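Right, one structure below, let's go through it.
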Ligand SMILES: C[S@@+](CC[C@H](N)C(=O)[O-])C[C@H]1O[C@@H](n2cnc3c(N)ncnc32)[C@H](O)[C@@H]1O
């Protein structure tokens, strides 16, 4: 029980969890998905839950005019600075919550949610904000993991609380495409596959493109 109370200021959450999350999100299964999806971003791009900037090498500098990364966690953004120094796209970070994005309505051509809807405390609020900042005709690119519909799903439910503590607030058992549709987006492309056996605890791997209805 004590493990699962909010410890935003604890030593573990400030110094260890960011490295755990960065290391985990650097695994090849995620990198392959980033390679497949992130190149679709164009124009003014807002990435919500920017983390340690692991998508940066996958943006196409010929298509992205500017990139704004939003994340409330200073420790994650500090790791992102290393990637930012090497980035070929024009990028800046804002330390802010995706649940209240400090950008004007209709700001972005593309929004990106990459392994972020699992962690943002109120993903519906963040998706509402993403809708607001998208221009008419704008698109949301998503890469996420979520609850399996097989027996794994029940294990994910049981392990969610300790996992959330270890993995910087990440939830194992959310349903990203349902969240996206419920927030008023239409799925233009949607792919779901299972993670490899070694990563079975992560359940399903989702990717796709959505647009406000
Ligand atoms: C699993 S990491 C993924 C990072 C990155 N998008 C990636 O693909 O590697 C989840 C990120 O969501 C961020 N996050 C947590 N709460 C948030 C919020 N309210 N708004 C935006 N991002 C948030 C965390 O700080 C963390 O950097």
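The values are calculated or read from the model by the stated rules, or taken from the named source; none is laboratory data. Predicted model only: the values in this text are computed from it and were never measured. Please note: Cβ atoms are built from the backbone with ideal geometry, for glycine as well, and neighbour counts cover all protein chains shown.
Listed here are the residues, each with its yes/no results for (1) modelled with pLDDT of 95 or more; (2) more than 16 Å from the ligand (Cβ to nearest atom); (3) in a helix (DSSP H, G or I).
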{"site": "150", "(1), (2), (3)": "no, yes, no"}
{"site": "170", "(1), (2), (3)": "yes, no, no"}
{"site": "177", "(1), (2), (3)": "yes, yes, yes"}
{"site": "181", "(1), (2), (3)": "yes, yes, yes"}
{"site": "209", "(1), (2), (3)": "yes, yes, no"}
Filter result for residue 9 (in contact with a helix residue (DSSP H, G or I) (Cβ under 9 Å, 6 or more places away or on another chain), over 20 Å from residue 93 (Cβ atoms), more than 13 Å from the ligand (Cβ to nearest atom) and without any contact (Cβ under 8 Å) to a residue 60 or more places away in the chain): no
Restricted to the stretch 115-144, and to residues that are part of a strand (DSSP E or B) and within 11 Å of the ligand (Cβ to nearest atom), which residue is surrounded by the fewest Cβ atoms within 10 Å (Cβ to Cβ)? 143
Failed item, numbered, when residue 4 is tested on (1) within 12 Å of the ligand (Cβ to nearest atom); (2) in contact with a helix residue (DSSP H, G or I) (Cβ under 8 Å, 6 or more places away or on another chain); (3) modelled with pLDDT under 95: (1)
I'm trying to understand the selection: among the residues of the stretch 183-202, which are outside any strand (DSSP E or B) and closer than 22 Å to residue 136 by Cβ? 183, 184
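Please work out if residue 37 is within 19 Å of residue 118 (Cα to Cα), more than 10 Å from the ligand (Cβ to nearest atom), surrounded by 14 or more Cβ atoms within 10 Å (Cβ to Cβ) and at pLDDT 95 or above.
Details: within 19 Å of residue 118 (Cα to Cα): yes; more than 10 Å from the ligand (Cβ to nearest atom): yes; surrounded by 14 or more Cβ atoms within 10 Å (Cβ to Cβ): yes; at pLDDT 95 or above: yes.
For residue 37, the condition - within 19 Å of residue 118 (Cα to Cα), more than 10 Å from the ligand (Cβ to nearest atom), surrounded by 14 or more Cβ atoms within 10 Å (Cβ to Cβ) and at pLDDT 95 or above - is met.
Scan the stretch 90-114 for residues that are farther than 17 Å from residue 75 by Cα and either part of a strand (DSSP E or B) or under 11 Å from the mean Cα position of the chain (by Cα) (or both) and jot them down. Steps first, please.
Taking the stretch 90-114 as the starting set, the residues that turn out to be farther than 17 Å from residue 75 by Cα are 90-91, 99-114.
If the condition is that a residue be farther than 17 Å from residue 75 by Cα and either part of a strand (DSSP E or B) or under 11 Å from the mean Cα position of the chain (by Cα) (or both), then 91, 108, 109, 110, 111, 112, 113, 114 are the ones that fit.
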Within the group 110, 105, which residue is on the phi < 0 side of the Ramachandran plot and crowded, with 21+ Cβ neighbours inside 10 Å? 110
Would you please name the residue that is farthest from the ligand (Cβ to nearest atom), looking only at residues in the stretch 82-94 that are out of contact with any strand residue (DSSP E or B) (no Cβ under 7 Å at 6 or more places or on another chain) and touching a residue at least 24 places away in the same chain (Cβ under 8 Å)? 88
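Going by the structure shown, is residue 98 more than 13 Å from the ligand (Cβ to nearest atom), under 28 Å from residue 137 (Cα atoms) and either in contact (Cβ under 8 Å) with a residue 24 or more places away in the chain or buried (at least 18 other Cβ atoms within 10 Å of the Cβ) (or both)? Spell out the reasoning first.
On the way: more than 13 Å from the ligand (Cβ to nearest atom): no; under 28 Å from residue 137 (Cα atoms): yes; either in contact (Cβ under 8 Å) with a residue 24 or more places away in the chain or buried (at least 18 other Cβ atoms within 10 Å of the Cβ) (or both): yes.
It is false that residue 98 is more than 13 Å from the ligand (Cβ to nearest atom), under 28 Å from residue 137 (Cα atoms) and either in contact (Cβ under 8 Å) with a residue 24 or more places away in the chain or buried (at least 18 other Cβ atoms within 10 Å of the Cβ) (or both).
Which of the residues spanning the stretch 152-168 are in contact with a strand residue (DSSP E or B) (Cβ under 8 Å, 6 or more places away or on another chain), at pLDDT 95 or above and either surrounded by fewer than 20 Cβ atoms within 10 Å (Cβ to Cβ) or outside any helix (DSSP H, G or I) (or both)?
Initial filter on the stretch 152-168 (in contact with a strand residue (DSSP E or B) (Cβ under 8 Å, 6 or more places away or on another chain)): 152-153, 156.
Right, trim to at pLDDT 95 or above and you get 153, 156.
Across the stretch 152-168, the qualifying residue is only 153.
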